[in-house]
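Notes follow once the structure below has been shown.
The values are calculated or read from the model by the stated rules, or taken from the named source; none is laboratory data. All figures in this text were calculated on a predicted structure; none of them were measured in a lab. For neighbour counting, all protein chains shown are included, and Cβ atoms are generated from backbone atoms with ideal geometry for every residue, glycine included.
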Amino acid sequence: MVVHDRSYARWDGDRDKPVRGVWVIMDRGVSTGLAAIFKRKIFGQLLSFWAFGPFLFALGALYLAFYFRANVATYPEIAQGIEQSGILQLVSPTADNVWGYFLELQIWVCLILCVVVGAGLVAEDRRTNALEMYLSRPLSVWQYVLGKLGIIGFFLTLITVLPVCLLILVQAFLVGFEPGQTAELAGLFWRSIVAGTVFVAFLSVLVTAASALSKRARNASILWVGFLVMVEGLLRGNLQEAFLNPEVHLVSLHFNLSRCMAWILDNQVELARYPDMPVAWSAGILGGWTLLCLAVVLRRVRPVEIVA
Amino acid sequence: MTDSAPILELTDVEVRYGKHVALHDVTTTVGGGAVGLLGPNGAGKSSLIKMLLGLVPLHKGRATLLGRKVSRRASTLRRRVGYMPERDAAFPDMTGFQATWYAGRLSGMPDADARRRAHEVLLFAGMEEARYRMVSTYSTGMRQRIKLAQALVHDPDLLFLDEPTNGLDPQGRAEMLGLVRTLSRDKGIHVVLSSHLLRDVEEVCTSVVVMRQGTVVRSATVAELQAATEDACQVTVAGPVEAFRAACERHGIPVMQTRDQHLQLGVSLAADTQPLFRAAEESEVIVRRLTPVRVSLEDALIDVLGGR
């Protein structure tokens, strides 16, 4: 018979090591997020296919285009067909196409991920009174918030920044690190990281604020979708129709985000679409939204709820 | 108050929730061991604990806990303190083991240590059978135990227990108090137990801090508190009770209660008992039994709070 020692033993570990609260929260949150995505296996698989499909398609197309181009003598017709179809221009990472069509495809997955993973980030902790448990540990409010932002940020980075960076690296390998093109791709690589970080950070802050405003993940999801429909659809559409003024686009978060990212990526094609509208306006609007969302989160993330 | 080094020193402490003053003019020193925090609802017990944990700010005054100054950023201090909240609080979507392990990780424990300790404290709390079940499926008693395990996982030097027996059946209550007693008496962990159930405090604590309307009205050992009001005795007589009663009043001995041949007199046996025997002689009664009245903590508390 196994005899268990049920008495309490003291712990002799190191109590002075710094607490890596942000990483602990992120680590646990990512596992929980994956569990939420794959709670229904079919849904998880479909979402994964949707999230990584465009990347895998671009990767395959890029490789095949380069392969047939390199073996033009063996496959002259196919190589000519590829040149004429312009597929290489479409899938080769450039400032215009990588953060243009690729992001347009990915943004829907990002929004779904925000609902599945992001909506419950703070809301569920508020519902189960876990904030009191978190903040009675050696953890500051900021560490808690950064940990939560890190969870949704991780998933968004996984399906946006990471594939783009991989595509650029693959392109660099395929062109054989030619000095001129490598320098161009290196520039694009770093710009992509910065632009992607802006995109991921903004979306993360926005969805975390929506989550902090509610005590249930379901309500936060409704709030999140409702907010986007209102701002991106109704408000932008109606104002545009009423005023016929391009500056009306500034109410759209998507528009402002695209403008700022185009500026970071030095995407002149995108910037030239609205030459009279300074990027600083869009940056200011995004900054304002970010501050507002952070203020909401910090106001809601309290260990003690004070009822007036 | 006790001969050990103080674990808690408060000087002119004031805590506010907006305009509402929750604690004011709180000045006391609390020694080690098991300390009961007593007082009616709204007396400020929970507010005091939350202030000491840095969950609510100290508006005025000075507070030191385990020799360190209390502040909202006192994360070093929180590594040495465990907290079992009054409200039902749990990390969402976790099993009992995961929740306890996570609490350890958030307190700065390495992963392997947190896993080992989580098993140990769950065993100690009597949760070995249910540790792999989701916390959301636990009964009230199990939830109280899991909260205790989470508060203990990082092996604190001081444990704050806010109403730990809330919602427990008599057996569960006895077991919970047994665990707390073991921690305090055998394992050298200081315990601050906040409760409105006086028997809980009486069974576990060696000293008490009595609070009323946001301030400390008395701080003493349980024995001191009881002795202070132990100025009554029970007399059983044979003979004319009414005559004895009248004789007692003539000799200035207050008669508190009379039931058949038993009288409760307001005189301490430690003091001069000659007037009592003179009254017996005058009224021609035989004193058959004379015992000191054991004052319960409840009586003592009512006395301190000015209930009679």
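Across segment B:22-52, the number of residues qualifying as more than 12 Å from B:LEU8 (Cβ to Cβ), touching a residue at least 60 places away in the same chain (Cβ under 8 Å) and either among the hydroxyl-bearing types (Ser, Thr, Tyr) or buried (at least 17 other Cβ atoms within 10 Å of the Cβ) (or both) comes to 12. Inspection of segment A:131-148 finds a residue satisfying the criterion of being over 20 Å from A:LEU34 (Cα atoms) and of a type in the set (Gly, Ala, Ser).
Would you say A:ALA119 is within 14 Å of chain B (Cβ to nearest Cβ), under 20 Å from the mean Cα position of the chain (by Cα) and not β-branched (Val, Ile, Thr)? Spelling it out, A:ALA119 is indeed within 14 Å of chain B (Cβ to nearest Cβ), under 20 Å from the mean Cα position of the chain (by Cα) and not β-branched (Val, Ile, Thr). One residue alone among A:HIS254, A:HIS249 is closer than 14 Å to A:LEU206 by Cα and either in contact with a helix residue (DSSP H, G or I) (Cβ under 9 Å, 6 or more places away or on another chain) or among the aliphatic types (A, V, I, L, M) (or both), and that residue is A:HIS254. Looking only at segment B:86-102, residues that are modelled with pLDDT of 90 or more and either touching a Pro at 6+ places or on another chain (Cβ under 9 Å) or more than 7 Å from chain A (Cβ to nearest Cβ) (or both) come to 8 in all.
Counting residues in segment B:263-280 that are surrounded by fewer than 18 Cβ atoms within 10 Å (Cβ to Cβ), touching a Cys at 6+ places or on another chain (Cβ under 7 Å) and among the β-branched types (Val, Ile, Thr) gives zero. Please return the ranges of helices (runs of 4 or more DSSP H) entirely within segment A:4-104 where 1 or more residues are within 14 Å of chain B (Cβ to nearest Cβ). Fully inside segment A:4-104 and qualifying: A:21-37. Whether any residue in segment B:138-148 is in contact with a helix residue (DSSP H, G or I) (Cβ under 7 Å, 6 or more places away or on another chain), outside any helix (DSSP H, G or I) and within 7 Å of chain A (Cβ to nearest Cβ) is what I want to check. Looking through segment B:138-148, none of the residues is in contact with a helix residue (DSSP H, G or I) (Cβ under 7 Å, 6 or more places away or on another chain), outside any helix (DSSP H, G or I) and within 7 Å of chain A (Cβ to nearest Cβ). Kindly evaluate B:LEU48 against the criterion of being outside any loop (DSSP other than H, G, I, E, B), within 14 Å of chain A (Cβ to nearest Cβ) and within 16 Å of B:CYS205 (Cβ to Cβ). So B:LEU48 fits the description; yes.
Considering every residue within segment A:267-279, establish whether at least one is in a helix (DSSP H, G or I), more than 14 Å from every other protein chain (Cβ to nearest Cβ) and free of Cβ contacts under 8 Å to residues at least 12 places away in the same chain. Yes, that holds for at least one residue.
Of all the listed residues (A:GLU132, A:GLU124, A:GLU184, A:GLU178), the sole one being over 16 Å from A:GLY21 (Cβ atoms) and within 14 Å of chain B (Cβ to nearest Cβ) is A:GLU124. Residues in segment B:54-80 that are touching a residue at least 40 places away in the same chain (Cβ under 8 Å) and within 8 Å of another protein chain (Cβ to nearest Cβ): B:VAL56, B:ARG79, B:ARG80.
Quick grid of which residues meet (1) more than 30 Å from B:HIS20 (Cα to Cα); (2) in a helix (DSSP H, G or I); (3) away from chain B (no Cβ under 14 Å); (4) touching a Cys at 6+ places or on another chain (Cβ under 6 Å):
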| position | (1), (2), (3), (4) |
| --- | --- |
| A:GLU232 | yes, yes, yes, no |
| A:LEU239 | yes, yes, yes, no |
| A:GLY287 | yes, yes, yes, no |
| A:LEU291 | no, yes, yes, no |
| A:ARG302 | no, no, no, no |
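All conditions but one from (1) out of contact with any helix residue (DSSP H, G or I) (no Cβ under 6 Å at 6 or more places or on another chain); (2) surrounded by fewer than 18 Cβ atoms within 10 Å (Cβ to Cβ); (3) within 30 Å of A:TYR67 (Cα to Cα) apply to A:THR94; the one that does not is (2). So is A:ARG259 within 28 Å of A:CYS165 (Cβ to Cβ) and assigned to a helix (DSSP H, G or I) or not? Yes.
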